[in-house]
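A short write-up of the structure that comes next.
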Amino acid sequence: MSLDNAFSAQEVEEWVARVRRFLSLADDAPLAFTAEDKIDGLSCSLRYETGALVRAATRGDGQVGEDVTPNVAHISDIPHQLDGEAPEVFEIRGEVYMTKEDFAELNDRQAAAGKQTYVNPRNTAAGSLRQLDASVTAGRALKFFAYAWGEVSEMPSDTQMGMVGVLKDFGFVTNPLMAVFDSVEKLLEHYHAIEMERGELAYDIDGVVYKVDDL
């Protein structure tokens, strides 16, 4: 599930051109992309069967992850039962993270108790989710953004943005800054807008992810 990296506007333009060639699209043919913040947290997959949460796992090595089902039960952003009528099987993927404010408050409590403080929100969120004692996880203010899916018995939408809308309807928190654009210029404008806002965001990010909207 690794992402390709781009570090310049030219690389983004080249990627869009490759997508058009791969899809045999003319330069002026309509093509929409989503853009979303890449949350700096820990990837987590949630398997729902008939709308009920049955398993939660970290990404691990990409094939086998750690079972963290008891731990995610303490994350309020993760529903135990999906709202509405869900497919028989729906694996939802997203990012467990800690806000900058919650991280600072946790370190204040650690320091006041004479305990070791933590280095950054990302590693703290990851360590908190992986605790063998789920009560430790319960004492940490972890949050979850849903943005993708794995196994789905019946796809409820045929676009990336539509699927994220479905996740929101199911009761998940999705990133409000995610948007759809129809040109390279608009993708880059959005990136620079996020770049300016980055320091003010409530959470850490390590980039912006672009995806072809049409699944």
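The values are calculated or read from the model by the stated rules, or taken from the named source; none is laboratory data. The shown structure was predicted, so the numbers you read here are calculated from the model rather than taken from an experiment. Here the Cβ is made from the backbone with ideal geometry for all residues, glycine too, and neighbour counts use every protein chain on show.
Within the span defined as the stretch 196-208, one or more residues are closer than 30 Å to G84 by Cα, buried (at least 18 other Cβ atoms within 10 Å of the Cβ) and in contact with a strand residue (DSSP E or B) (Cβ under 6 Å, 6 or more places away or on another chain).
Can you spot a residue in the stretch 121-130 that is over 18 Å from the mean Cα position of the chain (by Cα), of a type in the set (S, T, N, Q) and either within 18 Å of S76 (Cα to Cα) or modelled with pLDDT under 95 (or both)? Looking for residues that are over 18 Å from the mean Cα position of the chain (by Cα), of a type in the set (S, T, N, Q) and either within 18 Å of S76 (Cα to Cα) or modelled with pLDDT under 95 (or both), one finds none in the stretch 121-130, hence no.
Taking the stretch 7-22 as the range and being in contact (Cβ under 8 Å) with a residue 24 or more places away in the chain and either assigned to a loop (DSSP other than H, G, I, E, B) or under 20 Å from T159 (Cα atoms) (or both) as the test, the residues that pass are W15, V16, V19.
Put simply, of T34, T69, T99, T58 the only residue that is β-branched (V, I, T), in contact (Cβ under 8 Å) with a residue 12 or more places away in the chain and in contact with a Pro (Cβ under 9 Å, 6 or more places away or on another chain) is T99.
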